[in-house]
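Undergrad: Starting off with a structure, shown below.
The values are calculated or read from the model by the stated rules, or taken from the named source; none is laboratory data. The shown structure was predicted, so the numbers you read here are calculated from the model rather than taken from an experiment. In this analysis, Cβ positions are derived from the backbone assuming ideal geometry, glycine residues included, and neighbour counts consider all displayed protein chains.
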Amino acid sequence: MALFSGEDGLDTIRGIERTAHRLLRPGGLVVIEHADTQGGQVPWIFNEEAGWADAADHPT
């Protein structure tokens, strides 16, 4: 469920974004583990319009 939630599989990640945005101080960092197929979509959730900088996918 953590990797695939909601209709497009990203509901949990959207919830993490909202919570992190509310709780982190400026300069804070959030790291998200996601499924391989979600790598292109996750940075769009953490975009500059939502107040994030440097959102990117970092494959391991």
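Undergrad: Quick check on this structure: which one of R25, R14 is assigned to a helix (DSSP H, G or I) and either within 11 Å of the chain's Cα centre (by Cα) or charged (D, E, K, R) (or both)?
TA: Of the residues listed, the single one that is assigned to a helix (DSSP H, G or I) and either within 11 Å of the chain's Cα centre (by Cα) or charged (D, E, K, R) (or both) is R14.
Undergrad: Kindly provide the set of residues from segment 3-33 that are in contact with a helix residue (DSSP H, G or I) (Cβ under 6 Å, 6 or more places away or on another chain) and modelled with pLDDT under 85, ordered by number.
TA: S5
Undergrad: A further question on this structure: Please find, within segment 14-36, the residue that is surrounded by the most Cβ atoms within 10 Å (Cβ to Cβ) out of those that are in contact (Cβ under 8 Å) with a residue 12 or more places away in the chain and of a type in the set (V, I, T).
TA: I16
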